[in-house]
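FYI, it's all coordinate maths here, none of it is from the lab. What you are looking at is a predicted structure, and each value in this text was computed from that prediction instead of being measured. Neighbour counts run over all protein chains shown; Cβ positions are idealised from the backbone, glycine included.
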Amino acid sequence: MAKYQKNITFDILLEKVKTYITDSLELETIAKAYEFASEKHFGQKRLTGDDYIVHPLNVAYILTRIKADYETLSAALLHDVVEDCAVSIKEIEDLFGENIANLVEGVTKINKLNFSGDNEMVINNQRKILVGLSGDVRIIIIKLADRLNNMQTLFVHSERKQKSISKETLDILTPIANRLGMNTIKQDLEELCLRYLKPDEYYNIVENLNATKAERDNSVAKMMDNVSEILNKHGIKHEIKGRSKSIYSIYKKLEKGKRFNDIFDLLALRIYVDTEQDCYQALGIIHSKFKPKPNRFKDYIAMPKTNMYQSLHTTVFGVDGQLFEIQIRTYEMDRVAEYGIASHWSYKEKGSVKAVMQNEMEQKLQFFRSIMDLKKTQDNAEDFVNKVKEEVFQNTIYVFTPLGDVIELPNGSTPIDFAYKVHTNVGDKATGAIVNSNMVPLDYKLKSEDIVKIITNNNSTGPSREWLNIVQTTQAKNKIKAFFSKANREEYIKRGEELLNKEVRKQKLVLSEFFSDENIAKILEELKFGSLQEIYSNIGSGKLSAETVALALQKKEISKEDKILEKASKGSDKSSNNNSLVSIAGIDDIKVNLASCCNPVLGDRIVGYITKGYGVTVHRMVCPNVSNRDERLIEVKWNEVVNKLPTNILVRINTNENILVNIVSKISNNDVPVRRFNVNHSKEDDVIEMTVLVNSKEQLLKVMNDINMIEGVTEVERLIK
Ligand code: MN
């Protein structure tokens with residue numbers, strides 16, 4: 001990890017810069033920026049007791065690691081003068097030109113933001129950072145370096161501040177560094193965050209690593225000799241380096257329940273070769289000598305990660321029967337792996353560095369495009385930030401178009417999300433989907449590496465309103481909504497008329513009788529509409545079902561409310577008193593049922609649904625059986641003490657071996673009773689449906705996680721009926 005350079009001087013920085021910048025005008029600008037900053041910060045001190053200028057010098061020094069260009073380095077030196085020394089952007093622009101001034105202005109802006117917190121101002125500010133970010137990616141790169149230096153000197157702050165800054169860094173900045181592929185800075189940030197957030201775990205790992213270091217170094221050296229010898233024998237020019245796993249990645253694995261000794265990629269090496277072809281040859285040679293561990297091979301050369309990372313990964317049984325994780329890559333791939341988006345600096349395309357990087361960013365990192373899309377469609381700042389957080393920082397999956405393009409989507413996305421990501425027209429005209437050569441329903445949950453083909457039909461009348469309950473991405477949601485608001489009333493009326501005619505025929509009613517003036521008048525009365533046109537329009541826009549209208553006078557159609565009630569109360573224990581489980585603001589003494597369709601447990605985000613005469617049914621917010629626009633929804637909160645509650649989970653397994661015992665014992669290890677257990681066999685996999693009794697969402701997630709770790713289990717999810 002890079003160290004904080006307490007005694008840094010401009011000469012030390014300059015020496016480093018000169019290793020890759022030779023243009024004398026550029027070097028002069030950097031020197032001028034230093035002179036200016038040093039004069040302006042004169043007399044100011046950091047909390048560390050150092051002269052203030054030590055900080056901007058360190059930020060610039062960090063940036064030389066990724067070979068930042070002269071504009072970025074100059075801006076890094078100047079990044080605090082506007083904020084701390086009352087210098088105007090205009091002055092910077094006059095002295096250093098527009099580009100550098102823009103960078104300084106961008107950094108100044110985003111440095112005023114405070115990400116932790118939840119008031120409107122903060123949220124607005126978060127929005128600005130993302131917008132600023134899109135202007136010039138170098139702003140965020142300087143911000144990352146600035147934060148890294150601030151993390152390096154975090155020891156001067158109170159424990160509370162150390163923790164809050166670390167948390168913010170881990171929440172907001174390291175994911176961005178990861179997206180930009182800036183591995184070196186990301187790893188340093190993560191390690192520092194861990195040290196302050198979980199000092200016990202951090203030092204425990206450090207001690208463990210130190211205790212086993214000699215042994216590991218010995219094994220790795222032996223393995224390196226072996227591998228080098230066989231590669232030389234086959235005439236492959238290469239370099240091998242032992243590789244230490246980052247402390248943070250070890251922490252993440254321990255956190256998932258692995259034991260220290262089991263983290264086999266503690267023994268790791270990396271092989272550098274000249275060409276892509278050499279990568280594959282080296283792999284073949286290594287596999288012929290050392291047995292590979294099944295399912296551990298990953299070809300990120302043919303299928304790069306979306307942050308552009310490329311390498312071959314394999315795990316082999318190496319010397320002394322120990323497992324070694326081996327990465328094979330070219331020097332070029334290594335540069336991208338370490339510097340990510342900043343790797344373009346080394347191309348030295350004069351004057352167009354920014355354009356190249358910006359282009360790369362927009363092309364490869366769909367993340368930014370989604371943000372820009374959101375920016376256009378979300379009016380409300382709070383919504384915007386929440387959605388961005390959800391989409392950007394939640395787990396993502398990567399799927400392919402039939403032509404092999406990678407599409408990035410949030411976990412749980414459907415073919416509809418995919419279709420809208422590809423193109424609005426593809427989404428609007430989608431009628432079906434083929435995933436890995438199989439026809440799937442449109443609400444199918446995509447998995448990473450699925451190959452997705454969308455079937456479109458030009459005669460399609462457009463998306464269905466139902467899709468709004470199915471899609472995951474805001475992009476798809478907005479586009480579907482846009483479709484419906486765009487389609488004008490006439491289209492609704494036309495479609496509504498068609499649908500109602502069809503439904504009337506389907507119900508075997510006589511058309512002329514049904515549409516007689518007398519009959520229509522009764523229907524308008526019954527359904528409280530002013531005109532038949534209005535009914536058509538409501539059917540056409542999906543607000544009203546044609547069936548409801550067709551059967552309006554026949555029998556009382558089962559209302560949506562009753563349907564929900566029926567679903568919710570089916571199988572639930574009506575005699576139990578749930579009133580103490582949740583509280584409802586402003587209402588005491590109301591009967592409360594937990595919906596049996598989604599089975600909320602303590603800790604779930606919940607919402608109440610008022611059912612006339614029956615009290616309130618509590619659903620999970622994500623439950624599709626309640627629509628979020630319904631007026632009958634009310635806010636409810638969990639009370640502290642709740643008994644164990646039943647909830648349903650689905651476990652998919654793809655093995656013939658009997659792992660049921662395994663699953664059940666994992667569950668009972670968590671002190672979680674199983675109330676119901678049901679196995680469905682199908683061609684591809686077995687699906688186990690079960691009802692478990694849990695204290696809280698936390699406990700449920702722990703159980704699900706434990707089950708997920710069992711070999712042969714492919715998926716664990718909560719079930720909503
Ligand atoms: Mn700073």
Inset, instruction - Determine by what factor the alpha-carbon radius of gyration of the stretch 481-550 differs from 2.2 N^0.38 Å, reporting the quotient. - result: 1.09
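For the pairs K252/K298; K256/K697; K258/K666; K161/K702; K198/K256; K16/K198, flag any whose C-alpha to C-alpha distance is greater than 27 Å.
On the way: K252/K298 20 Å; K256/K697 17 Å; K258/K666 15 Å; K161/K702 30 Å; K198/K256 15 Å; K16/K198 34 Å.
From the list (K252/K298; K256/K697; K258/K666; K161/K702; K198/K256; K16/K198), the Cα-Cα distance tops 27 Å for K161/K702; K16/K198.
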Inset, instruction - Work out, step by step, the length gained on full extension between H423 and T48: first 0.36 nm times the residue separation, then minus their alpha carbon distance; give nm to one decimal. - result: 129.7 nm
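Of all GluC sites (Glu not before Pro) in the stretch 649-721, which ones are in loop regions per DSSP and have a Cβ with at most 12 other Cβ atoms within 10 Å? Write out the running numbers ahead of the final one.
Details: sites: E657, E684, E689, E698, E711, E715, E717; in loops: E657, E684, E711.
The qualifying sites are E657, E684, E711.
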Inset, instruction - Subtracting the Cα-Cα distance from 0.36 nm times the residue separation, let me have the gained length for Y203 to D299 in nm, one decimal. - result: 31.2 nm
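Tell me the relative contact order for the stretch 645-718 as a rounded percent, counting alpha carbon contacts under 8 Å between residues six or more apart. Don't skip to the answer; put the middle values down first.
Numbers: 126 pairs, mean separation 34.7, N = 74.
Over the stretch 645-718, the number comes to 47 percent.
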Legend entry - Distance histogram for the stretch 10-200 (every C-alpha pair counted, 5 angstrom bins, percent rounded to whole numbers): 1, 8, 16, 20, 21, 17, 11, 4, 1, 0, 0
Legend entry - Distance between modelled label sites at E635 and K241, nm, 7 Å Cα→Cβ extension: 5.3 nm
Legend entry - V510-I455 FRET efficiency (beta carbon distance; Förster radius 41 Å; 0.05 resolution): 0.65
Legend entry - Label-point gap, in nm, between K258 and E689 - each point 7 angstrom along Cα→Cβ: 3.5 nm
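Semi-axes of the equivalent ellipsoid for the stretch 645-718, please: Cα gyration tensor eigenvalues, times 5, square-rooted, ordered largest first, whole Å.
Working: eigenvalues 77, 29, 22 Å².
That gives 20, 12, 10 Å for the three semi-axes.
So how much slack lies between S24 and K721, counting 0.36 nm per residue of separation and subtracting their Cα-Cα distance, in nm?
Extra length available between S24 and K721 comes to 244.0 nm.
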Legend entry - Separation of the D334 and K222 label points, Cα + 7 Å toward Cβ, nm: 2.6 nm
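Could you compute the FRET efficiency for A214 and Q5, with r as their C-beta to C-beta distance and R0 at 22 Å, rounded to 0.05? Provide the component values of the computation, followed by the final result.
Values: r = 30 Å, r/R0 = 1.35.
Efficiency at R0 = 22 Å is approximately 0.15.
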